[in-house]
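To start, the structure itself, in C-alpha cells.
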Amino acid sequence: MIKENTRKLLNELPKSVELVAAAKTRNAYEILEAIEAGVRIIGENYMQEAEKLHSLYSNIKWHFIGHLQKNKIKKAVKIFDMIETVDSLAIGEEINKASAKGNKVMPILIEINSGREKQKFGVLPESVKSLIKKLSKLPNIKIMGLMTMGPRFENPISSRPYFRETKRIFEEIKTENFPNVEMKYLSMGMSNSYRIAIEEGANMVRIGTGIFGKR
Ligand SMILES: *Cc1c(COP(=O)(O)O)cnc(C)c1O
C-alpha cells in the first residue's frame, strides 16, 4: 500500500514539486517502503525518531518539520538537512551558533502562522519581513523559503486564502533581495490540501497519511 501510494503521488506531482514524506510515528519498515518507491526527503517531527532512523538510509534528506525546542537544537543541526520550522530570532540564533560549531551552514525555512491561530506556532504574516531581515545577518544559517500549515478544514478549498497569502509574502520577500536569503522553497500542503497548495504556488508538499495511511 505504501509503495503504491508513493508511486501514484510521485506520478501525479509536477516535476517542480518536492515531496516530503511526513513520517511521524512510522517505523523503519514503513519508511523504507516509501524510500524504495522513490521518496527522497523524509520529514520528522520528533527528534527521538529521527535519531534512531536517519543513519539507516543513505541518499535521503531529512527535514525537521516539528516544533523545535531550544535544548534539541544541537542535535537537530547534526541530524537534519533542513529545518522547516524557524519562527523566532532566538531559535535562529541558536541554530546559527550550533551550525558554526559544526562548521555547517544550515538551510532553514521560516514557518508562517498564516491562519493567525493562537494554538499554532509560526511567525505572524506582518512580522515575517523583519524577522528575515534579522536572521539574514547570521552567517551559519541560510534562509531558503517559507513553510506554513494553515488552519485545517474538512474541505481543503477553504485553505486556499492562507496558501495564497503565504505565496504573496514569499514573492514580496523575493523582491527585497536580502543578502544570504534565497526564496526557493514554498513548503505548504498536506494529504488533504496539497493539490490546492500546488495551485497556489507550493513547490514542496508534506504528506503523511496519503503515503503511509491513517496514523
Ligand atoms: C504530520 C504533518 C504533515 C502531514 O500530515 P498528513 O495530513 O498526514 O499528510 C505535514 N506537515 C507537518 C508539519 C506535519 O506535522
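The values are calculated or read from the model by the stated rules, or taken from the named source; none is laboratory data. Just so you know, these numbers come straight off a predicted model, no measurement behind them. Note: ideal-geometry Cβ built from the backbone for every residue, glycine included; neighbour counts use all protein chains shown. With ligands, DNA and RNA removed, areas are computed over all heavy atoms of the protein, side chains included. Shrake-Rupley method; radii C 1.70, N 1.55, O 1.52, S 1.80 Å.
Could you please let me know if residue 140 is free of Cβ contacts under 8 Å to residues at least 24 places away in the same chain, surrounded by fewer than 24 Cβ atoms within 10 Å (Cβ to Cβ) and closer than 28 Å to residue 104 by Cα? No, not satisfied. Scanning the stretch 1-32 for residues that are assigned to a helix (DSSP H, G or I) and crowded, with 19+ Cβ neighbours inside 10 Å yields a count of 5. Pairs meeting the criteria (first residue in the stretch 7-21 and small (Gly, Ala, Ser), second residue modelled with pLDDT of 95 or more and not in a strand (DSSP E or B), beta carbons under 8 Å, at least 6 apart or on different chains) are 16/203; 21/6; 21/31; 21/34; 21/39; 21/208; 21/211; 21/212.
I'd like to check something: does the stretch 114-125 contain any residue that is crowded, with 24+ Cβ neighbours inside 10 Å, among the acidic types (Asp, Glu) and within 16 Å of the ligand (Cβ to nearest atom)? Within the stretch 114-125 (the criterion being crowded, with 24+ Cβ neighbours inside 10 Å, among the acidic types (Asp, Glu) and within 16 Å of the ligand (Cβ to nearest atom)), the answer is no, since none of the residues qualifies. Within the stretch 188-205, residues that are small (Gly, Ala, Ser) have Cβ atoms under 6 Å from residues that are open to solvent by 40 Å² or more (accessible area, probe 1.4 Å) in these pairs: 191/209; 201/167, counting only partners at least 6 apart in sequence or on another chain.
The one condition from (1) closer than 23 Å to residue 105 by Cα; (2) without any contact (Cβ under 8 Å) to a residue 24 or more places away in the chain that residue 175 does not meet is (1).
Counting only helices (runs of 4 or more DSSP H) that sit wholly inside the stretch 147-215, those with at least 3 residues that are more than 16 Å from the chain's Cα centre (by Cα), more than 16 Å from the ligand (Cβ to nearest atom) and surrounded by fewer than 18 Cβ atoms within 10 Å (Cβ to Cβ) are 160-176.
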